[in-house]
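Since the structure comes first, as structure tokens, the remarks are kept for the end.
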Ligand SMILES: [Zn+2]
């Protein structure tokens, strides 16, 4: 198709440039008209009988600098006798009915925010548009995401993250203060890594309501769900995915074991010295060494740890709980139920030998989550993908500079994840 030079340069699909002028202020004004046939919005019948023209200002991307775009928009008679509309204004794929901006602008705004992770306000300034326009473009993009119910995830992961610091809001009428829950839970397809849903809170209601809203077939298709050791998530899953195997995340269990070692170290130090640890105490100075996985210790580290146990831990209590921690890590690395069961028996023996209340508590947690640990060992389903998403979420929080509206925040998470999954 041959077009004139201005139309080719301006390159707005479905439009022809009718004139271009430079205003006194240096601003360029481009006048355009649609080259597409116009179909009635009531009945769809195409009409060529023109009623009137009206000038409409349309926001658009910058084309070699800022431009003001004026669309000479036509109104047509609808000649279809059955149709209730007498006249209709034309609309195009670039500028649909009621829109005041071009599709290419909205696309560019969405890409700037989602693709490069820029803040909405920053993008608005760069494009010379309002923050609202950027946010509306994002909201519209979310509506175009594939319907979660049309996906068929086999393995799900659920994880919580802090959305921001705790806030309190006062009801102006009752003067009552309510605590605003700063937690959100993310549901991720473990095979694609795509965020399927973001819900408020980290209790069973948020996740439960989300699962409840999914069709039965969708829920039956899920075979494994990986979660943190959170009783609330487990409750929601028993309710809405009763036949699905639940796996608990190995990393979170290792963290519980590390927390146990730290607690015992602090308590033993307090008991032995009657004060908190100091840099001069080997056990305090080498606290990180205690938490490192045994297989990752260098020879030097291993020797230092032996010294710590020999010099600073006369009771042997610390070495005993360190053995418990390492045994739990060994257990989580086993590849079969038989090996895991044997490792658990050994863990029980080590806990008895240690005789520390913190170690017993850890062992009770392991027992309470044993079914989920077995699923973890057989399926290897962990929340690692969810954690990766949470890192991306932290970036969104940082560039968003604290979202006032958490719907906007959820929008951003879903779009970013969809973009990453498609890439
Ligand atoms: Zn019509």
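The table below lists the values:
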| quantity | calculated |
| --- | --- |
| Residue order, fewest to most surrounding Cβ atoms within 10 angstrom, among 185, 247 | 185, 247 |
| Sorted by Cβ neighbour density within 10 Å, fewest at the top, the residues 169, 127, 233 | 169, 127, 233 |
| Contact order normalised by residue count of the chain, Cα under 8 Å, 6+ apart, percent | 13 |
| Theoretical FRET efficiency, 1/(1+(r/R0)^6), r = Cβ-Cβ of residue 314 and residue 239, R0 45 Å, to 0.05 | 0.35 |
| Computed over the stretch 212-299: relative contact order in percent, which uses C-alpha pairs under 8 Å that are six or more apart | 20 |
| Percent antiparallel among DSSP beta bridges (both partners in the chain, rounded to 5) | 70 |
| Theoretical ellipticity at 222 nm over the chain - DSSP helices of four or more residues, -39500 (n - 2.57) apiece, nearest 500 | -15000 deg cm²/dmol |
| For q = 0.23 Å⁻¹, Debye-computed log10 I/I(0) when each Cα of the stretch 39-85 counts as one equal scatterer | -0.80 |
| Acute angle (nearest 10 degrees) that the helix 131-143 long axis makes with the longest principal axis of the chain, alpha-carbon atoms | 80 |
| Relative contact order, percent, the stretch 250-379 [alpha-carbon distance under 8 Å, six or more residues apart] | 27 |
| Directionally averaged projected area (convex hull, Cα atoms, the stretch 1-100), nm² | 7.0 |
| Listed peptides 254-261, 172-179 by packing density, highest first (mean Cβ within 10 Å) | 254-261, 172-179 |
| Directionally averaged shadow of the chain, computed from the convex hull of its alpha-carbon atoms, nm² | 33.3 |
| Antiparallel bridges, percent of DSSP beta bridges restricted to the stretch 1-104 (to nearest 5) | 75 |
| Proxy reagent accessibility, fewest Cβ within 10 Å first, across 98, 409 | 98, 409 |
| Segments 291-299, 209-217 sorted - mean Cβ within 10 Å per residue, highest first | 209-217, 291-299 |
| Global form of the stretch 129-236, assessed from the alpha-carbon gyration tensor, a/c cut-off 1.5 | oblate |
| Average silhouette area of the stretch 250-379, convex hull of alpha-carbon atoms, in square nanometres | 7.7 |
| Relative packing of 309-322, 218-231, which averages over residues the other C-beta atoms within 10 Å, highest first | 218-231, 309-322 |
| Between helix 250-273 and the chain: long-axis angle, C-alpha atoms, 0 to 90°, nearest 10 | 50 |
| 0 to 90° range, to nearest 10: angle between helix 357-368 axis and the chain longest Cα axis | 50 |
| Cα pair distances exceeding 12 angstrom across the stretch 287-329, given as percent | 59 |
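Here, each number is a calculation from the coordinates, and none is a lab measurement. Everything quoted here is computed from the prediction, not taken from an experiment. Counting neighbours? That spans all protein chains shown, and the Cβs are built from the backbone with ideal geometry, glycine included.
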